[in-house]
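I have placed the structure first, in the form of structure tokens, so that the comments after it can refer back to it.
The values are calculated or read from the model by the stated rules, or taken from the named source; none is laboratory data. Keep in mind the model is a prediction, meaning the values are calculated, not measured. Backbone-built Cβ (ideal geometry, glycine too); neighbour counts: all protein chains shown. Side chains are part of the model used for accessible areas, which takes the heavy atoms of the whole protein and leaves out ligands, DNA and RNA. Shrake-Rupley method; radii C 1.70, N 1.55, O 1.52, S 1.80 Å.
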Amino acid sequence: QVHLAASGGGSVQAGGSLRLSCTTSGNAYSSFPMGWFSWPPGKEREGVACIGTSAGTTYYGDSVQGRFTISRDNTKNTLYLQMNNLKPEDTAMYYCAASRRCGGNWYMDIIDWGQGTQVTVSS
């Protein structure tokens, strides 16, 4: 079983920032889209953002548009999520994933994902 290890979560005040990272096991995902999804307690999982294999190909969920930025560095086998202007409703476990595509409802086509990192935003 391959691994995608997410890190960088924590507890911050509303309006603060966090930078999540996800290191993959080798370069197995360099030719695949990748993304971040969240899973708030008691709710359905939500697609946060994804990034394709081509430069400039990104897609964001409506709730994070303009606040979060996804990026990847294939030379380091690492995926990032810069989270700015965090809101209490962003509180959730965040997971990184490899997917078959990057676009609307991309998180329904996940092919691999790993342990998440907790993000807690207080008022």
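Using the 1.4 Å probe convention, the accessible area of the chain works out to 51 Å² per residue with neighbouring protein chains retained. Lys/Arg Cβ at +1, Asp/Glu Cβ at -1, dipole of the stretch 1-102 taken about the Cα centre: which of SER30, THR58, HIS3 is farthest positive-ward? Projecting each Cα onto the dipole axis, the largest value belongs to SER30.
Residues of the stretch 1-34 with an amide N closer than 11 Å to a point placed 7 Å from the Cα of SER122 along the Cα-to-Cβ direction: 11-14.
Distance from a point 7 Å along Cα→Cβ of ASN84 to each backbone N in the stretch 14-55: keep the residues under 11 Å and list them by number. Within reach of a label on ASN84: 17.
Kirkwood Rh over Cα pairs of the chain into Stokes-Einstein at 10 °C, 1.306 mPa s: D in µm²/s? Each step should come with its number before you reach the end.
Values: Rh = 14.1 Å.
Rounded to a whole number, D works out at 113 µm²/s.
Whole-percent P(r), the stretch 1-55, all Cα pairs, 5 Å bins from 0: 4, 14, 19, 26, 21, 9, 6, 1. Note on GLN13/GLN115: beta-carbon distance plugged into 1/(1 + (r/R0)^6) with R0 of 25 Å gives a FRET efficiency of 0.50. Here the chain exposes an accessible surface that is 46 percent carbon and sulfur, computed with a 1.4 Å probe and the other protein chains kept in place. Roughly how many whole Å is it from the C-alpha centroid of the stretch 83-123 to that of the stretch 5-25? After rounding, the separation between the Cα centres reads 10 Å.
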